[in-house]
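This report concerns only the one structure given below.
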Amino acid sequence: MKKFTAYDIAQIALLACFIILAGYFKIPTGIPGSEFQLSAPVAVAIVAVFGFKRYFLAGMIATVLLLLLGIHTIINAEISLIFRLTVGLIILFCGTSIPVLVLAGPIGTAVARIGLAFTLDIPILPLLIPVIPGMIITALCVWPITKMMRTIHEKVGARNDVPRVF
């Protein structure tokens, strides 16, 4: 079992903060209730660059913090968890090619909305149709964000000489 270094812990915490902050950047799409959140393509980029384990841990930390602060509800947490699992597993099993990254976010959004429809016991289409513009924007933004994040990660790099914490 690999132990986490202080660098790993700090990196995961920073990724969690990045996910939280990216969620505050919202672009209106012209359809009520369908604003685009920058956190979707950022999340896809994080899993592509840092791997599923770091992405999922950072996402769970972000969700717990938002729940504790009263910013998110259980419904928001459900949507986030379904999105994270869907996107993470798609990239884990299909790789990080451009087509996979472009499709992972919209598929994650669709699956999360389907899960929400089952939870609320309402039809799927009223939840799915308003998010289509955001899904398109996510598909368009994910590759440039991933490329930028990968470049930054490669330039900063992880130090291997730091002591293990636990």
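Taking the conditions exactly as written (open to solvent by less than 60 Å² (accessible area, probe 1.4 Å) and among the aromatic types (Phe, Trp, Tyr)), does Phe118 satisfy them or not?
On the way: open to solvent by less than 60 Å² (accessible area, probe 1.4 Å): no; among the aromatic types (Phe, Trp, Tyr): yes.
Taking the combined requirement at face value, the residue does not satisfy it.
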Which of the residues spanning segment 5-38 are surrounded by 15 or more Cβ atoms within 10 Å (Cβ to Cβ) and either under 22 Å from Pro126 (Cα atoms) or modelled with pLDDT under 90 (or both)?
-> Thr5, Tyr7, Asp8, Gly23, Thr29, Ser34, Glu35, Phe36, Gln37, Leu38
Report yes if some residue within segment 133-146 is at pLDDT 90 or above, of a type in the set (A, V, I, L, M) and either farther than 24 Å from Pro28 by Cβ or not in a helix (DSSP H, G or I) (or both); otherwise report no.
-> no
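The rows are residues; the columns are (1) closer than 22 Å to Tyr24 by Cα; (2) among the hydrophobic types (A, V, I, L, M, F, W, C); (3) under 14 Å from the mean Cα position of the chain (by Cα).
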{"position": "Tyr55", "(1), (2), (3)": "yes, no, yes"}
{"position": "Ile79", "(1), (2), (3)": "yes, yes, yes"}
{"position": "Val102", "(1), (2), (3)": "yes, yes, yes"}
{"position": "Ala112", "(1), (2), (3)": "yes, yes, yes"}
{"position": "Ile122", "(1), (2), (3)": "no, yes, no"}
Can you tell me which residues in segment 91-110 are within 20 Å of Val131 (Cα to Cα) and open to solvent by less than 60 Å² (accessible area, probe 1.4 Å)?
-> Val100, Leu101, Val102, Ala104, Gly105, Pro106, Gly108, Thr109, Ala110
Residue within segment 68-75 that is within 16 Å of Ser39 (Cβ to Cβ), touching a helix residue (DSSP H, G or I) at 6+ places or on another chain (Cβ under 6 Å) and open to solvent by 70 Å² or more (accessible area, probe 1.4 Å) present | no
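The values are calculated or read from the model by the stated rules, or taken from the named source; none is laboratory data. Just so you know, these numbers come straight off a predicted model, no measurement behind them. Backbone-built Cβ (ideal geometry, glycine too); neighbour counts: all protein chains shown. These accessible areas exclude ligands, DNA and RNA; they are computed on the full protein's heavy atoms, side chains included. Shrake-Rupley method; radii C 1.70, N 1.55, O 1.52, S 1.80 Å.
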